[in-house]
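These notes concern the structure reproduced below.
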Amino acid sequence: MKGKYSIWLKNVSKKEVKIDRDVFIFAFFLFLSFVFWYLNSLGKEIESETSYPVKYTNLPKDRILVEDLPSKLDLYLKGPGYSILKLNLSGNRSPILLDISTINYRRVPGSNSPKYYIKTSGLIKKLSNQLRADCEITSIKPDTLFFSFDRVVSKSVPVTPDIEIVTERQYFIKGQINIDPDSVIITGPHFILDTVRTAKTRYKRLTGLNKTVRKDILLDDKRGYDISEKRVTLTIPVEQFTEASIIVPIKLLNIPDSLDIKIFPDAVTVRCLVAVSDYKKIEEIPFLVVLDFKKVDLHSSDKIPIEVLNIPPFVNSLRFTPAKVDFLIEKKFR
């Protein structure tokens, strides 16, 4: 029984080998036939379509394209197969150059904006001369190219730093951040620049600052226009701050002539944060704490709020106590 099974397996294996060999031989001659047929067809005239890159040159001076023209055009070709095959297999093709100054473009009738169009049928001769192929361009798609021009303008705008600053504990920014340069020239289409009020830097987060730092930061140039500078230098004045306090008497304003008003207390304690280098100036600060009776309804108020004036720019986190004072009203007797 085992001998018969072994003989059967050998016969099946021989048949499979023969079938595989026959299939391979058939496929080889079929492929060979296709190659000969294809090579023979290359000498015949055929029609085909190919997508070809295009580059536009010599735009009108002081004008810019608002809408991008297509970077590729679909060319419908007629000619020898080998010529069309050569175009299709040319790999990274150099684009066809279209000189706008030599092309007959027309304004779209009835359009409010300066919109123009080009009939691509008028480009066939220019494209054929540059392709230098033994085939004919029968048509081009799209058949019409629409585009718009806008004036190129320039203007100066201030630079705005888009930064987040985190200082170390008890350190603060002292004064203004210096930007060099503090303004730039931007150039681009009028319809874009008309809405631009400032040139922003790229976002930057600065942490752990405990001293004055200088930082070069790139400007945000992804906004459809050119900028005269690529980056600006920020000088961020950082200094250690300390708390200071001073007692300031309250000044009464606009007291009615018929009344004698007394307040309790008659002075407040003003506390603030100042840079260590400015601490000695605290006693020279002309703080003015006032109570203006024009702003107070004496009949409905239990306490009167006060306000602090003449706050210098180098003072941070100002607070004062008390924020309101008690009062006593007495009529004057003549």
Practice item. Quick one: count up the residues across the range 164-211 that are at pLDDT 90 or above, within 27 Å of Ala244 (Cα to Cα) and in a loop (DSSP other than H, G, I, E, B). Key: 4
Exercise for review: Tell me which residues, restricted to the range 256-286, are touching a Leu at 6+ places or on another chain (Cβ under 9 Å) and β-branched (Val, Ile, Thr).
Suggested key: Ile261, Ile263, Val270
Review point. Picking from Thr207, Thr144, which residue would you name as being of a type outside the set (A, V, I, L, M, F, W, C) and either over 28 Å from Pro313 (Cβ atoms) or in the same structural domain as Ala275 (by TED's automatic domain parsing) (or both)?
Key: Thr144
Exercise for review: Just give me the residues in the range 125-144 being closer than 25 Å to Val66 by Cα and modelled with pLDDT of 85 or more, in sequence order.
Suggested key: Ile140, Lys141, Pro142, Asp143, Thr144
Practice item. Filter the range 234-279 down to residues that are of a type in the set (D, E, K, R) and under 46 Å from the mean Cα position of the chain (by Cα) and give me whichever is surrounded by the fewest Cβ atoms within 10 Å (Cβ to Cβ). Key: Glu243
Point to revise | Given (1) of a type in the set (D, E, K, R); (2) at pLDDT 85 or above; (3) within 30 Å of Val296 (Cα to Cα), index of the condition Asp257 fails | key: (2)
Practice item. Among the residues of the range 211-263, count how many are more than 30 Å from Leu193 (Cα to Cα) and hydrophobic (A, V, I, L, M, F, W, C). Key: 14
Revision key, fill the gap. When the range 212-236 is checked residue by residue, the ones that are in a loop (DSSP other than H, G, I, E, B) and either assigned by TED's automatic domain parsing to the domain that holds Pro313 or without any contact (Cβ under 8 Å) to a residue 40 or more places away in the chain (or both) are Thr212, Asp221, Lys222, Arg223, Gly224, Tyr225, Lys230
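The values are calculated or read from the model by the stated rules, or taken from the named source; none is laboratory data. In this text, all values refer to a predicted model and were calculated from it rather than measured experimentally. Reconstructed Cβ throughout: ideal geometry from the backbone, glycine too, with neighbour counts over all protein chains shown.
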